[in-house]
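The values are calculated or read from the model by the stated rules, or taken from the named source; none is laboratory data. Worth saying up front: this structure is predicted, and the values here are computed from it rather than measured. Please note: Cβ atoms are built from the backbone with ideal geometry, for glycine as well, and neighbour counts cover all protein chains shown. Accessible surface areas use protein heavy atoms only, side chains included; no ligands, DNA or RNA. Shrake-Rupley method; radii C 1.70, N 1.55, O 1.52, S 1.80 Å.
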Amino acid sequence: MLENYLNTHKDRFLSELFEWLRIPSISADSNYKGDVLRAAEFLSQKLKDAGADNVEICATEGHPIVYGEKIIGKNLPTVLVYGHYDVQPADPIELWTTPAFEPNVRDGYIYARGSCDDKGQTYMHVKAFEMMMKNSALPCNVKFMIEGEEEVGSKNLETYVKNNVEKLKADIILISDTSIIANDVPSINVGLRGLSYMEVEVTGPNRDLHSGIYGGAVANPINVLCEMITKLKDSNEHITIPHFYDKVVELSANERAEMATTPFDLDDYKAELDLSDIHGEKGYTTLERTSTRPTLDVNGIWGGYTGEGSKTVIASKAYAKISMRLVPNQSAQEISDLFADYFRKLAPPSVKVKVAYHHGGEPYLTSTESVPYQAAKMAFHKTFGKNPIPTRGGGSIPIVAMFKKVLGLESIMMGFGLDSDAIHSPDERYGLFNYYKGIETIPYFFQYYADLVKKEAVPVAANS
Ligand code: BES
Ligand code: MN
Ligand code: MN
């Protein structure tokens with residue numbers, strides 16, 4: 001029945017998503033504040049059209065949160081769907097084959113900023129909900145909480161969640177904002193890395209200097225910054241910050257063996273990125289490096305003269321943005337403090353250093369034994385014809401650990417993207433296959449989850 005509905009409404013499901021993708025809801029750039037709001041309004045209208053009640057656009061100090069719900073029975077379980085309608089900036093825009101906010105389909109992929117991360121994946125839930133509503137097939141309660149600030153750290157969502165614990169009462173959180181291994185290798189994400197994002201400033205002389213008159217006699221803050229960054233890792237790509245690894249949970253030999261069975265082709269991996277070799281922490285596989293190990297990366301570095309031609313100058317200041325991905329049981333606050341202490345100690349007396357903390361989030365790991373995981377596994381089996389592999393994602397959704405802490409709820413990360421979808425990059429895309437597969441799979445999750453919860457609640461009659 002639902003398949004018929006999906007087939008009949010396929011084209012509209014796509015054209016509606018296109019309409020949403022045309023709104024440049026870039027949360028990081030205040031010039032787009034009006035567009036972010038328009039994207040929230042679009043979503044709230046579509047939730048209403050699909051049959052949600054109490055739909056609101058909840059204003060925050062930043063961008064709004066869209067809430068909606070359908071409560072059909074007090075004794076039924078409640079699924080809280082989380083997603084984000086904000087997107088990353090489109091730069092560098094000149095590298096897009098077609099403009100970032102003019103969605104179009106090429107070779108079976110929807111190309112647009114947000115097509116995968118996360119408007120396309122969030123919209124699957126809106127359409128799955130519509131399908132269940134129009135076919136009287138919603139088996140439990142559902143609440144939607146879709147935010148507009150995920151890409152900038154979810155600060156205001158945290159406040160919103162803390163202030164609305166009662167309203168957000170649910171049994172499980174469902175999120176599609178991660179990837180599967182391949183279209184014929186389904187997987188469910190059971191882990192996310194945490195994040196600690198820092199910015200550093202190194203100051204040498206009190207003004208930019210002529211590099212001939214002063215060069216060789218005063219510290220060049222750009223050179224010094226580079227030396228300091230180099231000292232953050234040793235030749236094995238091991239992070240040198242004292243106590244950095246103290247709380248890292250090492251995988252058991254069994255867990256590592258299991259992870260090694262995950263399909264992964266190193267040659268494909270290198271070819272896709274046009275790399276002649278890979279690079280990373282000694283003693284770990286690529287999959288381990290990108291999911292179970294912490295990292296430290298410079299995201300941007302600047303200072304001095306970078307304009308056209310040349311200018312002979314010793315800059316007064318140099319800057320870098322440095323992020324660390326964290327794994328269980330590291331804490332973002334502790335790691336940020338350890339970084340700040342160590343970075344200050346690395347500075348020679350010839351410069352001054354400032355370290356600032358941008359934002360962060362805790363790592364997350366959930367069980368494959370839980371009822372909702374079983375439901376998600378069954379749903380994938382139903383639509384992909386095989387069992388999903390549990391994986392740990394390298395990315396971060398900081399709010400997920402916060403949900404656990406504040407609401408006491410686990411999250412099921414049923415993402416349908418591919419790592420090759422170029423999220424945050426030019427030519428971000430999302431497969432039509434993935435979009436429709438998501439819409440098809442989500443109602444099965446609801447159905448199996450409601451069934452499993454009901455079964456658990458029924459006392460075993462036989463012996464009573
Ligand atoms: N959806 C991503 C996170 C993600 C992608 C997790 C793929 C697992 C697999 C999310 O929108 C994102 O980009 N998160 C940011 C963190 C945020 C605080 C800016 C990240 O991971 O860099
Ligand atoms: Mn996302
Ligand atoms: Mn993102």
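Annotations
- Some residue of the stretch 80-91 being away from ligand 1 (no atom under 16 Å from the Cβ), modelled with pLDDT of 95 or more and in a loop (DSSP other than H, G, I, E, B): no
- Pairs, first over 17 Å from ALA332 (Cα atoms) in the stretch 236-252, second modelled with pLDDT under 95 and not in a loop (DSSP other than H, G, I, E, B), C-beta under 8 Å, six or more apart: LEU251/MET259
Here is a yes/no grid of residues against (1) in contact with an Asp or Glu (Cβ under 7 Å, 6 or more places away or on another chain); (2) more than 19 Å from GLU237 (Cβ to Cβ); (3) open to solvent by 60 Å² or more (accessible area, probe 1.4 Å):
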| residue | (1), (2), (3) |
| --- | --- |
| THR261 | no, yes, yes |
| ASP265 | no, yes, yes |
| TYR269 | no, no, yes |
| LEU273 | no, no, yes |
| THR285 | no, no, yes |
| THR292 | no, no, no |
| ASP297 | no, no, yes |
| TRP302 | no, yes, yes |
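Matching residues to (1) polar (S, T, N, Q); (2) more than 30 Å from THR391 (Cα to Cα); (3) part of a loop (DSSP other than H, G, I, E, B):
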| site | (1), (2), (3) |
| --- | --- |
| SER196 | yes, no, no |
| GLU201 | no, yes, no |
| ILE213 | no, yes, yes |
| GLU227 | no, yes, no |
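- In the stretch 49-62, the residues that are closer than 17 Å to LEU80 by Cβ reach residues that are surrounded by fewer than 14 Cβ atoms within 10 Å (Cβ to Cβ) and at pLDDT 95 or above with C-beta atoms within less than 7 angstrom, at least six apart or across chains, in these pairs: VAL55/LYS48.
Table: residues versus (1) touching a strand residue (DSSP E or B) at 6+ places or on another chain (Cβ under 9 Å); (2) farther than 30 Å from LYS169 by Cβ; (3) within 16 Å of ligand 3 (Cβ to nearest atom); (4) in contact (Cβ under 8 Å) with a residue 40 or more places away in the chain.
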{"residue": "LEU76", "(1), (2), (3), (4)": "yes, no, no, yes"}
{"residue": "VAL81", "(1), (2), (3), (4)": "yes, no, no, yes"}
{"residue": "VAL87", "(1), (2), (3), (4)": "yes, no, yes, yes"}
{"residue": "ALA90", "(1), (2), (3), (4)": "yes, yes, yes, yes"}
{"residue": "PRO99", "(1), (2), (3), (4)": "no, yes, no, no"}
{"residue": "ILE110", "(1), (2), (3), (4)": "yes, yes, no, yes"}
{"residue": "THR122", "(1), (2), (3), (4)": "yes, no, yes, yes"}
{"residue": "LYS127", "(1), (2), (3), (4)": "no, no, no, yes"}
{"residue": "GLU130", "(1), (2), (3), (4)": "no, no, no, yes"}
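- Taking the stretch 120-146 as the range and being hydrophobic (A, V, I, L, M, F, W, C) and within 26 Å of the chain's Cα centre (by Cα) as the test, the residues that pass are MET124, VAL126, ALA128, PHE129, VAL142, PHE144, MET145, ILE146.
- Enumeration of residues in the stretch 165-208 that are closer than 30 Å to LYS354 by Cβ, open to solvent by 10 Å² or more (accessible area, probe 1.4 Å) and over 14 Å from the mean Cα position of the chain (by Cα): TYR197, GLU199, GLU201, THR203, GLY204, PRO205, ASN206, ARG207, ASP208
- Among the residues of the stretch 305-322, those identified as hydroxyl-bearing (Ser, Thr, Tyr) and open to solvent by 30 Å² or more (accessible area, probe 1.4 Å) are TYR305, THR306, SER310, THR312, TYR319.
- Every test in (1) free of Cβ contacts under 8 Å to residues at least 40 places away in the same chain; (2) part of a loop (DSSP other than H, G, I, E, B); (3) under 29 Å from the mean Cα position of the chain (by Cα) is passed by LYS270 save one, and that test is (2).
- Across the stretch 406-435, the number of residues qualifying as open to solvent by less than 50 Å² (accessible area, probe 1.4 Å), assigned to a helix (DSSP H, G or I) and in contact with a strand residue (DSSP E or B) (Cβ under 9 Å, 6 or more places away or on another chain) comes to 6.
- Considering (1) more than 18 Å from LEU168 (Cβ to Cβ); (2) of a type in the set (D, E, K, R); (3) surrounded by fewer than 22 Cβ atoms within 10 Å (Cβ to Cβ), the lone condition that GLU56 does not fulfil carries the number (1).
- The stretch 378-405 - residue that is polar (S, T, N, Q) and part of a loop (DSSP other than H, G, I, E, B) and, of those, least open to solvent (accessible area, probe 1.4 Å): SER396
- Among residues of the stretch 10-46, those that are within 16 Å of SER115 (Cα to Cα), of a type in the set (Ser, Thr, Tyr) and free of Cβ contacts under 8 Å to residues at least 60 places away in the same chain, counted: 1
- Within the stretch 117-158, tally of residues that are open to solvent by 20 Å² or more (accessible area, probe 1.4 Å), in a helix (DSSP H, G or I) and away from ligand 1 (no atom under 16 Å from the Cβ): 2
- Contacts under 7 angstrom Cβ, first residue in the stretch 429-455 being assigned by TED's automatic domain parsing to the domain that holds TYR373, partner at pLDDT below 95 and open to solvent by 30 Å² or more (accessible area, probe 1.4 Å), 6 or more apart: PRO443/LEU2
- Checking ASP91, ASP86 one by one, the residue that is among the acidic types (Asp, Glu) and within 16 Å of ligand 2 (Cβ to nearest atom) is ASP86 and no other.
Listed here are the residues, each with its yes/no results for (1) modelled with pLDDT of 95 or more; (2) farther than 30 Å from PRO221 by Cβ.
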position: PRO348; (1), (2): yes, no
position: ALA356; (1), (2): yes, no
position: HIS359; (1), (2): no, no
position: PHE380; (1), (2): yes, yes
position: GLY385; (1), (2): yes, yes
position: PHE403; (1), (2): yes, yes
position: LEU407; (1), (2): yes, yes
position: HIS424; (1), (2): yes, no
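- From the list ARG325, ARG344, the one residue that fits, being assigned to a strand (DSSP E or B) and either charged (D, E, K, R) or surrounded by fewer than 16 Cβ atoms within 10 Å (Cβ to Cβ) (or both), is ARG325.
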